[in-house]
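The values are calculated or read from the model by the stated rules, or taken from the named source; none is laboratory data. Computed from a predicted model, the values in this text were never measured in an experiment. As a convention, Cβ positions derive from the backbone with ideal geometry for all residues, glycine included, and neighbour counts pool all protein chains shown. Side chains are part of the model used for accessible areas, which takes the heavy atoms of the whole protein and leaves out ligands, DNA and RNA. Shrake-Rupley method; radii C 1.70, N 1.55, O 1.52, S 1.80 Å.
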Amino acid sequence: DYIFGDSFVTPLNSTESFSEEIYQLPDSYLCLTTPPHDLRDGPLPAIENGHVTFCCFNKIPKLNMNVLRTWGKILNEVSGSRLFLKDKSLSCPSTRDSLVKSFETVGIAKNRLTLEGSSSRYDYLRAYNQADIALSPFPYGGGTTSAEGLWMGVPFLTKEGSTFITRIGKSIACNTGLSNWVSDSEEEYVEKAIQFSSDLSQLSSIRAKLRDQVLVSPVFDSDRFSKNFLCALRTLCDRHGLRD
């Protein structure tokens with residue numbers, strides 16, 4: 001009967017996209033628990049490395065050629081930058097080889113790529129300490145991956161689409177104080193990547209405070225989410241006469 005959303009994933013003008021009636025939660029439609037690991041977000045890698053490292057830890061099938069072309073423009077504009085990809089499918093040599101060839105078609109050589117496969121969850125999260133900025137693919141962007149990256153101090157760029165699944169990144173970004181990291185076109189996505197990667201001082205400042213910032217946001221505030229969700233259930237039950 002209902003689909004739970006928020007003002008970002010289910011804006012009022014999207015009702016025609018659903019057979020269910022939209023019920024807007026007041027903050028975020030999703031909430032995550034913090035990873036159960038004693039892991040600190042490290043300093044900005046670019047300062048020591050001398051170059052910016054972009055990353056994406058989403059599933060490789062999300063990386064369509066349009067995404068690769070867009071990322072290729074970013075890497076070619078940001079001098080010396082690298083791209084770090086991590087997904088269990090990259091443990092397969094043929095998958096790695098195929099991806100490398102795809103990147104070569106958009107002008108990105110193999111030596112600018114770091115490809116990692118499966119690892120423990122602890123090492124997966126720790127790998128964020130090697131990255132400066134995360135790039136969310138599109139149209140199907142990251143959800144849990146993006147939020148966990150924020151927990152590790154890595155802000156992400158996302159492109160807003162016109163459907164629920166393509167707006168998840170916007171919901172997470174706006175609910176964690178990173179609304180300026182949302183773009184509405186591929187051109188703006190590239191522009192923001194260049195802009196944010198050009199100011200390492202600002203990027204380092206964002207990293208230093210990002211975990212504390214997101215932990216008090218609706219995306220990780222389970223008490224706040226629980227109260228909102230319970231209120232929603234009570235409202236709907238009352239609407240249908242399902243409570244005494």
> Can you tell me which of G117, G161, G143, G153 is among the small types (G, A, S) and crowded, with 24+ Cβ neighbours inside 10 Å?
Replying inline: G153
> Is it the case that region 70-88 has a residue that's assigned to a loop (DSSP other than H, G, I, E, B), buried (at least 20 other Cβ atoms within 10 Å of the Cβ) and β-branched (V, I, T)?
Replying inline: no
> From the list Y140, Y128, which one is in contact with a Lys or Arg (Cβ under 8 Å, 6 or more places away or on another chain) and touching a residue at least 24 places away in the same chain (Cβ under 8 Å)?
Replying inline: Y140
> What are the residue pairs meeting all of these: first residue in region 198-225, first residue over 20 Å from G42 (Cβ atoms), second residue open to solvent by less than 60 Å² (accessible area, probe 1.4 Å) and of a type in the set (S, T, Y), Cβ atoms under 6 Å, and 6 or more apart or on different chains?
Replying inline: S217/T176; P218/S28; V219/S28; V219/T176
>> If I filter region 24-61 down to residues being under 18 Å from the mean Cα position of the chain (by Cα) and either among the acidic types (D, E) or under 30 Å from D1 (Cα atoms) (or both), which single residue comes out as least open to solvent (accessible area, probe 1.4 Å)?
In response: S28
>> Please determine whether any residue of region 177-185 is in a helix (DSSP H, G or I) and either touching a residue at least 60 places away in the same chain (Cβ under 8 Å) or within 21 Å of S14 (Cβ to Cβ) (or both).
In response: yes
